[in-house]
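What follows is a set of notes on a single structure, which appears directly below.
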Amino acid sequence: MKYRADIDGLRALAVGVVVLSHLHIAGFAGGFIGVDVFFVISGFLITTYLVENLRAGTLSLREFYFRRARRILPMALVVIAITAAAGYLLLNEAKAMQIGVDGFWSAVFLENLHLIQQSADYFNHGFSVSPLQHYWSLAVEEQFYLVFPLLLLILVKSSKKVLRFGVTALVLVISVTSLSLAIIQGGVSANSAYFSSATRAYELGIGTLLALWAVGAKKEQARATTAVFGVVGLSAIAVSTLAFGGATGYPGWLALLPTFGAALIIAAGATSSPSFVTKWLGWRPLVFVGKTSFSIYLIHWPLIIFSQQLLPAFAESWVFAPSVLALTLALAAAAYLFVERPTRRIKLKPRSSKPAVRFAFGSLAALLVLGLASSAFALTGGTWNTAQSLVSTPKSGDQYVPNQPNPQSSATATPSATATPTETPSGAPTPSATPTINPKPPKPVAEKTLVQLLKDWVPKIAEGLSLTKVPDDLSPSISSLLGGRGVQWSQCMDPHVHQTTCEYGPDNAKHTAVILGDSYALAVYPMVINALGLTDWKVIGLNQRECMIADITPWPWTGTGADLTCPDHRAWVNSYIARLKPDLVVLSDQPFHPIADGNQDSGDQHNRIWADGLDSALATLRPLAKNIVYFGVPTSQQALTDCVLAGGSMTPQCTGSSDWLSSYVTTQANLSARYQIPFINANDWLCSRGKCPGIIDKTPVYWDGAHFTEDFAAKLGPLFRAFLIEHKLI
């Protein structure tokens, strides 16, 4: 296959906009389209190679896959190994383990499927992205390399006469199906659509169709035609880079703009009359960047992510972007000269006994083992005994003991939690078994007032603010936080729309409390249960993710459309509370989820629509229950798994600020006062002088930077109980 310098120039253009986008350079918000350009290039080059060799009768799948491995594996595995090692040496155990898991899936080119699985989990959005996340695009390409040649050979063996037209028809059908799926799935699950090979196949298909055209097309084209192709193609890429952004639905039909742009540029260079755009792309400095583009792509992202975690102040300075850019180019040039070029010279001679050949194959095998071994420790837990740390250890005196089975039967004095859904629609499956807990009722001693309790509590906040290193006896440990949501998260999440979430306590309890809200309400279960006990109280959860207290319609993080199940759930909840007549209703939610404004994201109108919706919701709830309390949204911060470095060193990002969500808290407080609902500013219990530590009383406040850990929520129980007594709510 004839070498084309303009394609290397196009590679340079593609990787350039990707890197500048990741560095948040103004004007390059849509730089992610560079990946689409790469897909078109890959589809074109691979198909051209396969078809030319098929026609010549020299195609060998063994040779093809060896060439692909020789091209991709060495540099990909080197970066994986170095990144995993850096994570182990520089970051905390949990983060290093997370990078190791990503390294494994990246090494076997299934990172895109791993990311799809993660993106389906709402709670993963609280953690920073992996330094190996960008390997998803390599996974898509490698999956294409694995499948397409086999389909091509099957089609050719059935009839050599239909090589061109048969393959064209096949690719056209696959591409149209892929584009349709991208448009449909992009409106339901944007993250899954973004990483999926099925929704990206049409971009590779465009390159494939272009190659099938170019192989049999006449090379003579009018210079004016190629000039138009080049200019229009370059303009399409430029417009996409400037106009697209994070809110753009992708990779739906809008991705046709940069992909067809790339196809036009490639077509312009496939003729005997190259345009000035083709000649410009063949400029030697640009070509060299294109030749190193693979290394640039692999190297730049880990540099950005590690800089943001290890040197946050530097990452926010003006020198960050040029420094990362310069270092990326230097490292990529070195990698190209000392890793990529030497390994590309390896020949496929497996039967040879020459030392040089044995050494070359041994080196490839060693790189493969190194890449896998550096990541596989994450799947076995390494030396950290992570599985053991996922279970919180109960402490004597705790009234709420998370993750512990109740050794007593339901007939004993300490009842187990029960799963007795009410109002379950006919035919709907019963919910999963409710988690068992072993709470101890409040001790029959004189109750301390809230003022007295805060006098002992506030110094613990100050102590947390003074920490520069994670306490040795931190519980739960940092390594357990990635999987440390607690049992209620796995068993009390996403119920049926007309169903309670979870129920705790005996059915014949004297009093009933309801916890209403989104996942933030789910996080305060231990606080409420610890405050009330489960001897005289039954506690019922009425929670749905991203479904706030306010009368609004959520616009889920993981989708591109309104969630109409929330208003339906809220209407059922109101009727349920009206019939149940609970003794206490506890409200808690996070107001800054995206919400819908008609059929669109509310955007700049968010605060107004949310405040009006909360006003309406509280007006509806107020007559339904005598006693209501609103636990306001706590501030958020960087997750401890992201801000704690190796050796337990804590960065400033482990401390949050009470100012960040102050406007939301003020609105919650003012509207609560309007309806005579006692309001708790959570930051009064979490912060001191505007600063909010990530660790209080040797306990992580949040497991993901936003939702309370079970252990910490339980420690708020006495404060919450004192507040309820002070306001005569119990």
The stretch 682-707 residues that are over 19 Å from residue 520 (Cβ atoms), paired with ones that are among the basic types (Lys, Arg) (beta carbon under 9 Å, 6 or more apart): 697/460; 697/715; 698/460
Subset of the stretch 180-195 that is surrounded by fewer than 23 Cβ atoms within 10 Å (Cβ to Cβ) and either touching a helix residue (DSSP H, G or I) at 6+ places or on another chain (Cβ under 7 Å) or basic (Lys, Arg) (or both) - its residue that is modelled with the lowest pLDDT: 191
Sole exception among (1) in a helix (DSSP H, G or I); (2) among the aromatic types (Phe, Trp, Tyr); (3) buried (at least 17 other Cβ atoms within 10 Å of the Cβ) for residue 28, by number: (1)
Test: residue 35 is buried (at least 22 other Cβ atoms within 10 Å of the Cβ), farther than 23 Å from residue 211 by Cβ and of a type in the set (A, V, I, L, M): no
Among residues of the stretch 1-25, those that are surrounded by 24 or more Cβ atoms within 10 Å (Cβ to Cβ) and free of Cβ contacts under 8 Å to residues at least 12 places away in the same chain, counted: 0
Candidates 724, 671, filtered to the one that is assigned to a helix (DSSP H, G or I), over 32 Å from the mean Cα position of the chain (by Cα), modelled with pLDDT of 95 or more and farther than 22 Å from residue 452 by Cα: 671
Candidate set: the stretch 614-635, residues that are at pLDDT below 95 and within 16 Å of residue 663 (Cβ to Cβ); chosen: the one surrounded by the most Cβ atoms within 10 Å (Cβ to Cβ): 634
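Which members of the stretch 508-558 meet the condition of being of a type in the set (D, E, K, R) and out of contact with any Gly (no Cβ under 7 Å at 6 or more places or on another chain)? So that I can check it myself, show each step before the final result.
Kept after step one, since they are of a type in the set (D, E, K, R), are these residues of the stretch 508-558: 510, 518, 536, 538, 545-546, 551.
Passing the criteria: 510, 518, 536, 545, 546.
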Residue in the stretch 679-692 that is buried (at least 20 other Cβ atoms within 10 Å of the Cβ), part of a loop (DSSP other than H, G, I, E, B) and touching a strand residue (DSSP E or B) at 6+ places or on another chain (Cβ under 8 Å) present: yes
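Tell me yes or no: at least one residue of the stretch 72-94 is of a type in the set (D, E, K, R), within 25 Å of residue 194 (Cβ to Cβ) and not assigned by TED's automatic domain parsing to the domain that holds residue 478.
Kept after step one, since they are of a type in the set (D, E, K, R), are these residues of the stretch 72-94: 93.
Those still in the list that are within 25 Å of residue 194 (Cβ to Cβ) too: none.
Checked against the condition, which is being of a type in the set (D, E, K, R), within 25 Å of residue 194 (Cβ to Cβ) and not assigned by TED's automatic domain parsing to the domain that holds residue 478, the stretch 72-94 yields no hits at all.
Is one or more of the residues making up the stretch 208-218 hydroxyl-bearing (Ser, Thr, Tyr), modelled with pLDDT of 80 or more, touching a helix residue (DSSP H, G or I) at 6+ places or on another chain (Cβ under 8 Å) and in a helix (DSSP H, G or I)? Explain how you work it out, then say what you get.
Of the stretch 208-218, the ones hydroxyl-bearing (Ser, Thr, Tyr) are 208.
Retained after the next criterion (residues that are modelled with pLDDT of 80 or more): 208.
Pick out the ones that are also touching a helix residue (DSSP H, G or I) at 6+ places or on another chain (Cβ under 8 Å) and you get 208.
Then drop every residue that is not in a helix (DSSP H, G or I), which leaves 208.
Looking for residues that are hydroxyl-bearing (Ser, Thr, Tyr), modelled with pLDDT of 80 or more, touching a helix residue (DSSP H, G or I) at 6+ places or on another chain (Cβ under 8 Å) and in a helix (DSSP H, G or I), one finds at least one in the stretch 208-218, hence yes.
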Positions within the stretch 444-473 being of a type in the set (Asp, Glu), surrounded by 13 or more Cβ atoms within 10 Å (Cβ to Cβ) and not in a helix (DSSP H, G or I), in sequence order: 447
Residue under evaluation residue 550, criteria (1) farther than 15 Å from residue 627 by Cα; (2) surrounded by fewer than 19 Cβ atoms within 10 Å (Cβ to Cβ), criterion not met: (2)
Unmet requirement for residue 107, which otherwise passes all of (1) touching a Phe, Trp or Tyr at 6+ places or on another chain (Cβ under 9 Å); (2) closer than 15 Å to residue 306 by Cα; (3) small (Gly, Ala, Ser): (2)
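The values are calculated or read from the model by the stated rules, or taken from the named source; none is laboratory data. None of these values were measured; they are calculated from a predicted model. Note that each Cβ is placed from the backbone with ideal geometry, even for glycine, and that neighbours are counted across all protein chains shown.
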